[in-house]
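K.L.:
Sharing a structure below in structure tokens format, with a few things to ask.
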Amino acid sequence: MRRSQLYDRLLSRVGEPRRFIQVLAGPRQVGKTTLVRQVMGDCGLPAHYASADEPTLRDQFWLEQQWDLARIKARNHPGGALLVIDEVQKAARWPDSVKRLWDSDTHDATPLKVVLLGSAPLLIQSGLTESLAGRFETIPVPHWSFAEMREAFGWDLEKYLLFGAYPGAAPLADDPDRWRQYINDSLIETTLSRDILLLTRVDKPALLRRMFQLACAYSGQILAYQKMLGQLVDAGNTVTLAHYLQLLEGAGMVAGLQKFSGNQIRQRASSPKLQVLNTALMTAQSGRSPDALRTDGDAWGRLIESAIGAHLVNTAMGTGITVTYWRERNLEVDFVLQRGDALVAIEVKSGGRKQTLPGIAAFDKSHRPTGKLLVGGQGIPLAEFLQAPAAHWLAER
């Protein structure tokens with residue numbers, strides 16, 4: 001969903017007469033705060049904004065103070081008021097506090113509407129599901145798309161592949177060294193140290209960082225957990241690696257796509273296909289110049305496939321679409337989209353890679369997909385594919 005659609009959806013929700021808790025969950029620096037501030041300015045209601053994004057965790061008393069300030073505004077306006085808490089997961093024991101305050105407002109008929117913002121979907125979701133079941137709706141806010149970066153900054157496809165989709169870093173793209181330092185320091189390090197390590201138990205922080213680096217280096221490749229153990233020092237066991245990969249996915253950094261098999265038990269036990277969720281993470285971690293990446297056919301091919309995978313995962317969020325891969329023996333399909341009975345197999349062709357495509361034929365024979373797509377080469381142009389969300393390709397079948 002594009003930023004304009006997210007804006008319309010949130011503004012419409014704020015305009016409804018009933019109270020609500022709306023959660024905007026997504027990675028760092030994808031525009032959540034900008035989006036909600038625009039809605040605050042346009043909704044016609046008095047609003048109170050507060051952020052818990054501090055080096056030390058905010059306590060329950062702080063959250064109660066912010067809530068009380070918004071209550072005063074709600075009681076003095078016929079349409080109620082809007083309370084926005086940014087980086088809510090950094091307020092200590094916030095789910096229990098929000099539940100208690102919300103239930104008190106329900107009892108007193110206080111017309112307060114609440115928007116909670118969080119930069120780590122996995123962390124914010126755990127608190128929500130434990131304490132606030134039935135009291136909230138989540139709007140996922142994914143990384144920016146190619147279409148959004150092109151519209152906002154005039155980027156072409158090559159620039160999008162090389163520099164990814166962080167709007168805050170876009171003005172630095174003409175200075176690759178400054179851009180790389182910004183991504184590494186302001187995004188990667190901040191996400192690891194403040195969005196994960198500060199908020200959840202991680203017994204081996206150095207391993208978490210190496211797991212992230214490994215996922216960036218091998219993005220677009222299937223890597224068994226046992227092989228990861230051989231790549232990482234002091235890696236512990238496969239359960240630890242799987243957990244750390246899940247934390248990194250929850251923070252919107254990298255994911256481990258599962259194998260499609262039609263059998264959920266088998267799917268969960270498969271080797272993951274490592275996938276960055278923003279190619280900026282991949283290129284910043286590589287340490288290579290844009291020119292070096294452009295002229296390295298294999299690296300460029302991995303970058304293209306990673307951009308497609310990131311696009312599919314990001315645009316599938318909140319739609320009920322699963323994104324997986326398929327492999328049997330030496331036959332492989334890069335991505336498989338599924339929602340209900342609709343099943344689409346996607347092969348990516350870039351540069352000199354994959355002169356033949358036996359994977360699609362084998363997958364067709366064994367699973368009978370409703371659609372088969374080739375991206376690049378003689379298939380759908382890459383730029384065209386990246387302008388349509390994952391749901392588009394399922395709806396076309």
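A short reminder: the numbers here are calculations on the coordinates, not readings from a lab. Source: prediction; values computed, not measured. Here the Cβ positions follow ideal geometry from the backbone for every residue, glycine too, while neighbour counts run over all protein chains shown.
K.L.:
Between ASP156 and THR106, what is the label-point separation in nm under the 7 Å Cα-to-beta-carbon projection?
P.N.:
Computed distance between label sites THR106 and ASP156 equals 5.6 nm.
K.L.:
At what distance in nm do the modelled label points of ARG339 and ARG178 sit from each other, each positioned 7 Å from its Cα along Cα→Cβ?
P.N.:
4.1 nm
K.L.:
I would also like to ask the following. Arranged by the count of other C-beta atoms within 10 angstrom, fewest first, what order do PHE146, PHE163 take?
P.N.:
PHE146, PHE163
K.L.:
Local charge sum around GLU64 (other residues, Cβ-Cβ under 11 Å, Lys/Arg +1, Asp/Glu -1)?
P.N.:
Neighbourhood net charge equals +1.
K.L.:
Counting alpha carbon pairs within less than 8 Å and at least 6 residues apart, what relative contact order, in whole percent, applies to the chain?
P.N.:
About 14 percent, as a whole number.
K.L.:
Rank these for me by crowding, HIS243, HIS311, HIS77, HIS392, going from fewest to most other beta carbons within 10 Å.
P.N.:
Fewest to most other Cβ atoms nearby, the residues stand as HIS392, HIS77, HIS243, HIS311.
K.L.:
Continuing with this model, one more query. Please report PHE335, PHE20 as a ranked list, fewest other C-beta atoms within 10 angstrom at the top and most at the bottom.
P.N.:
PHE20, PHE335
K.L.:
Here's another thing I want to ask about it. Among VAL276, TYR49, LEU337, which residue has its Cα positioned farthest towards the positive end of the charge dipole of the chain, with +1 placed on the Cβ of Lys and Arg, -1 on the Cβ of Asp and Glu, and the dipole taken about the Cα centre?
P.N.:
Looking along the dipole axis, the top candidate is LEU337.
K.L.:
Could you work out how far the C-alpha centroid of the range 49-103 sits from that of the range 194-230, in angstrom?
P.N.:
Their Cα centres are 33 Å away from one another.
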